[in-house]
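Notes follow the structure.
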Amino acid sequence: MKQKSSKINMKRIITIGAIVLVAGFMAFTLYNNKKEINKNAAAVPDEVGSVPVKVTAVTLKKMDNSIELTGNFEARKEVPLTAEAQGSLIQLSIKEGQKVGQGQVIARIDPTAIQSSLATANASLNKAIKDKERYERLVQAGAISQKQYEDIALNVDNARANLAGIQQQMKYTIIRSPMSGTVSSVLVERGSFATVGMKIGTVIDVSRLKMVVQVSETDVVKIKKGQPVEIKTEVYPDHIFNGNISLISVQADAGRKYDVEVEVGNNSAFPLKAGMFGTVSLEAKTADDGEKLFIPRKAIVGSIKEAQVFVLNNDSTVTLKTIEVQNISGDELIVLKGLNNGDKIVVTGQINLLSGKKVKVIE
């Protein structure tokens, strides 16, 4: 009986020991889990509730004063070929694309009618000279008055002037090119009837080309005549043409833009033609070309006049700061007051921010 009781006590001890061991293991496991939970919980405030944002640094650099403007190339000089006498075109020696020299004969007008007038004018002059000689003898003899003689003498001057005019018309029957260049248009055919002042074609000088671009009133005061420019074309995308500003208009158009004429030399390696499209790059110099602080335009909260930005602090919070900026063209603004070089500012995610809010910077 006593032996049986001892066995029962032993079983109880073993059972209780097992329970204690299991309880101890569970307690140890729960303790470790709690530690891990507390550790993770301590890190949660840094992630949960943080607003994701993108930031950029305030940069110190020189302002890009370059201006790009587009336009079409034009001939530097364009001169009309006009008839200065009346008559049928009996010769036409030009065609489009033909090169001509200054003074070269390009057309002739039938001189028949003018030749007839010339013969009459010569006869009139000869008669006037003979009349003058006869009246000169009469005035010396006292047969006529001095006034009568002077009237006859005047006829000689008039006849000479008339002859000179007809001789000039005779010269006008030969049409010459007023300059060296290329014939860009021919508007008549041989046999056409020409009248005084009628345009028969055009000669252009493409040894140098010009391009007229329009510059705003804020930029036109920053450029000057003779200033070098660079020109790119779609025809030769890898080649840069060097030119210069040849003319700046003194009068703005209705849109407050000024015509600026740029000249560039033509060459056989990269020949340009009138009508081709090009892009002019020029430097708009200012009195202050030093380094300035720049920020992206999209960083601004509110208006340009009352500009504010969110500045990133070392503790991952942001502060809303009021700054002063200068508005320029493009995607950047110049910072005049309120920021320092290297300051980190928010450029994306501002809509969800308040001053003091924690943020998470994302790439």
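The share of Cα pairs per 5 Å bin across the range 81-186, counted from zero up to the longest distance, runs 2, 12, 16, 13, 11, 9, 9, 7, 6, 5, 4, 3, 1, 1 percent. Here the spin labels are modelled as points 7 Å beyond Cα on the Cα-Cβ line, and at GLU133 and LYS62 they lie 8.5 nm apart. Here the spin labels are modelled as points 7 Å beyond Cα on the Cα-Cβ line, and at GLN148 and LEU187 they lie 5.5 nm apart. For the pair LYS360 and SER93, the difference between a 0.36 nm per residue extended length and the Cα-Cα distance amounts to 88.1 nm. Please list, in order, the residues from the range 189-225 whose amide nitrogen is less than 12 Å from a point placed 7 Å along the Cα→Cβ vector of ALA113. Residues 193-196 fall inside that zone. The separation of the range 314-338 from the range 97-162, counted between C-alpha centres, amounts to 86 Å.
Among ARG160, ARG256, sorting on how many other beta-carbon atoms sit within 10 Å of each Cβ, with the fewest leading, yields ARG256, ARG160. Put simply, the convex hull of the Cα atoms in the chain casts, on average, a shadow of 41.3 nm². Per-residue ellipticity at 222 nm computed for the chain from its helices equals -10500 deg cm²/dmol, with DSSP H segments shorter than 4 residues left out and the rest contributing -39,500 (n - 2.57).
For the range 202-283, the Kirkwood estimate of hydrodynamic radius, built from reciprocal distances between every pair of different alpha carbons, is 13.5 Å. Label positions at ASN314 and GLU263, each projected 7 Å from the Cα along the C-beta direction, are separated by 6.2 nm. For the peptides 143-150, 209-216, residues were scored by their other Cβ atoms within 10 Å and the scores averaged per peptide; the highest-first order is 209-216, 143-150. For the pair GLN326 and SER281, the difference between a 0.36 nm per residue extended length and the Cα-Cα distance amounts to 13.9 nm.
Just so you know, all these numbers are worked out from the coordinates, no wet-lab data involved. Just so we're clear, the structure is a prediction, and the values are computed from it rather than from any experiment. As a convention, Cβ positions derive from the backbone with ideal geometry for all residues, glycine included, and neighbour counts pool all protein chains shown.
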